[in-house]
Ligand SMILES: Cc1ncc(COP(=O)(O)O)c(C=O)c1O
């Protein structure tokens, strides 16, 4: 069976994909192409060509009647981008998915498209700092009010009668906080708000937010989904009606994904199951090793019982990924010595690729803030974020041990 039905994205009323996550990563959303090519062809054309005006008329009529998803111009869609979207929808168990130019394009477009002016958004504390910046600085200019919810109080206290959307992230960066999504969804749906989850750090292999009741899941595909540090892209997945709203807005705002990037992403997706198994293994092993080391003050990893959200993570996730945050005993100097002594992880700010990366958030992402401002945001100078890649676990543990020995 070359194109198994069970691996097609679920349509309304249709059962979710029956295959396992790795089979879905390799085959899910696959469709026949005119060349009988195993790898989907890359259609790197901005416009679509028509034989004559009769052909163009037939095309626009078929579009009007919803008989084709073909489009006449690359800002409204592209066959290669669509192939990647079908794969992403299958992985998320979503009716549809939309691919965009970056993770930030996915987040900003979702909020701009789904929240009408005059409404209110609740933002979970600890979400990605550029998401916070967009919500705090841009949404008010679009006539949308915002409240930050710190999880210490009930969600209802951060909500208003006109709350349209709750935006959560799980796990968060850099402390890998994991809210109770089902409880969050129950409350938010109780007053008619949509729930959007940024699941970049989890991937659909470790967490399926839609199956837990979320309305929309977004990703920075730049991270694990692409997986090779060689592309920028973003994903929005959910019910067709919602994704269609975001797609229509994207055609106007214009932050689309280029076809060659979509092809790179679709190639990366095929090994997502394999890669995540090794990321999960390396993350868990590194976290356990670091937690027991005398040169380490504290470790944050949702797969460790010491993590504040361990139980919520265990209940909702099937693995905890490759990102581990740690405070090195001492200050910036000790943390820097550890980072500089590492031989395998590269010093770079991203995460989720096959190469292990390491960063010092106080230097890399929060450098422009004063030490007091950083402390207020919970970013101490001795904080290190590791993104464990897919190298051999024993090599990574040896490397961590020798680097901590010089601290
Ligand atoms: C959780 C999370 N969401 C979104 C983004 C933004 O993604 P991109 O860099 O692809 O725009 C990032 C980037 O670091 C992130 O960590």
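Filter region 345-357 down to residues that are within 19 Å of the chain's Cα centre (by Cα) and either away from the ligand (no atom under 11 Å from the Cβ) or within 12 Å of residue 228 (Cβ to Cβ) (or both), then give me how many there are.
Matching residues across region 345-357 total 8.
Here is a list: 42, 71, 115, 60. Which entry is within 25 Å of the chain's Cα centre (by Cα) and over 25 Å from residue 194 (Cα atoms)?
Criteria check complete, one pass: 42.
Regarding residue 233, is this residue within 20 Å of residue 71 (Cβ to Cβ) and under 12 Å from the mean Cα position of the chain (by Cα)?
Against the criterion (within 20 Å of residue 71 (Cβ to Cβ) and under 12 Å from the mean Cα position of the chain (by Cα)), residue 233 qualifies.
Please identify the pairs in which a residue from region 9-27 that is under 13 Å from residue 88 (Cβ atoms) and assigned by TED's automatic domain parsing to the domain that holds residue 96 has its Cβ atom under 9 Å from the Cβ atom of a residue that is assigned to a helix (DSSP H, G or I) and at pLDDT below 60, counting only partners at least 6 apart or on another chain.
17/6; 17/7; 24/7
May I ask you to list pairs of residues, at least six apart or on different chains, whose Cβ atoms are under 6 Å apart, with the first in region 100-119 being closer than 17 Å to residue 141 by Cα and the second being in a helix (DSSP H, G or I) and within 11 Å of the ligand (Cβ to nearest atom)?
From region 100-119, the pairs are 107/131; 108/134.
Would you confirm whether or not region 209-229 contains a residue that is buried (at least 18 other Cβ atoms within 10 Å of the Cβ), more than 25 Å from residue 152 (Cβ to Cβ), more than 16 Å from the ligand (Cβ to nearest atom) and assigned by TED's automatic domain parsing to the domain that holds residue 24?
Yes, region 209-229 contains a residue that is buried (at least 18 other Cβ atoms within 10 Å of the Cβ), more than 25 Å from residue 152 (Cβ to Cβ), more than 16 Å from the ligand (Cβ to nearest atom) and assigned by TED's automatic domain parsing to the domain that holds residue 24.
Just wondering, is there one or more residues in region 155-163 that are touching a helix residue (DSSP H, G or I) at 6+ places or on another chain (Cβ under 9 Å) and under 17 Å from residue 313 (Cβ atoms)?
Within region 155-163 (the criterion being touching a helix residue (DSSP H, G or I) at 6+ places or on another chain (Cβ under 9 Å) and under 17 Å from residue 313 (Cβ atoms)), the answer is no, since none of the residues qualifies.
Which residue pairs have Cβ atoms under 7 Å apart, sit 6 or more places apart or on different chains, and have a first residue in region 49-72 that is at pLDDT 95 or above and a second that is assigned to a helix (DSSP H, G or I)?
What qualifies is 50/56; 50/59.
Can you spot a residue in region 238-260 that is outside any loop (DSSP other than H, G, I, E, B), within 26 Å of residue 38 (Cβ to Cβ), within 14 Å of the ligand (Cβ to nearest atom) and within 16 Å of the chain's Cα centre (by Cα)?
No, region 238-260 contains no residue that is outside any loop (DSSP other than H, G, I, E, B), within 26 Å of residue 38 (Cβ to Cβ), within 14 Å of the ligand (Cβ to nearest atom) and within 16 Å of the chain's Cα centre (by Cα).
Could you list, in sequence order, the residues of region 381-404 that are surrounded by fewer than 18 Cβ atoms within 10 Å (Cβ to Cβ) and touching a residue at least 12 places away in the same chain (Cβ under 8 Å)? Spell out how you get there, then give the answer.
First, the residues of region 381-404 that are surrounded by fewer than 18 Cβ atoms within 10 Å (Cβ to Cβ): 391-395, 397-398, 401-402.
Hits for region 381-404 are 391, 393, 395, 397, 401, 402.
Of all residues in region 291-308, which are free of Cβ contacts under 8 Å to residues at least 24 places away in the same chain and exposed (fewer than 15 other Cβ atoms within 10 Å of the Cβ)?
292, 305, 306
Considering every residue within region 277-286, establish whether at least one is outside the structural domain of residue 101 (by TED's automatic domain parsing) and free of Cβ contacts under 8 Å to residues at least 40 places away in the same chain. Spell out the reasoning first.
Taking region 277-286 and keeping what is outside the structural domain of residue 101 (by TED's automatic domain parsing), we get 277-286.
Going one step further and asking which of them are free of Cβ contacts under 8 Å to residues at least 40 places away in the same chain, we end up with 284.
Checked region 277-286: at least one residue is outside the structural domain of residue 101 (by TED's automatic domain parsing) and free of Cβ contacts under 8 Å to residues at least 40 places away in the same chain.
Among the helices (runs of 4 or more DSSP H) contained in region 81-186, which hold 1 or more residues that are away from the ligand (no atom under 16 Å from the Cβ) and assigned by TED's automatic domain parsing to the domain that holds residue 247?
103-114, 155-158
If the requirement is being surrounded by 19 or more Cβ atoms within 10 Å (Cβ to Cβ) and at positive phi, which of these qualifies: 273, 321, 330, 283?
Exactly one of 273, 321, 330, 283 is surrounded by 19 or more Cβ atoms within 10 Å (Cβ to Cβ) and at positive phi, namely 321.
Residue 60 versus (1) within 16 Å of the ligand (Cβ to nearest atom); (2) not assigned by TED's automatic domain parsing to the domain that holds residue 180: which is the lone unmet condition?
Of everything listed in (1) within 16 Å of the ligand (Cβ to nearest atom); (2) not assigned by TED's automatic domain parsing to the domain that holds residue 180, residue 60 misses just condition (1).
Which of the helices (runs of 4 or more DSSP H) found entirely inside region 262-378 contain at least 1 residues meeting this: at pLDDT 95 or above?
272-291, 310-316, 332-341
The values are calculated or read from the model by the stated rules, or taken from the named source; none is laboratory data. Remember, it's a predicted structure, so these values are computed and weren't measured experimentally. Note that each Cβ is placed from the backbone with ideal geometry, even for glycine, and that neighbours are counted across all protein chains shown.
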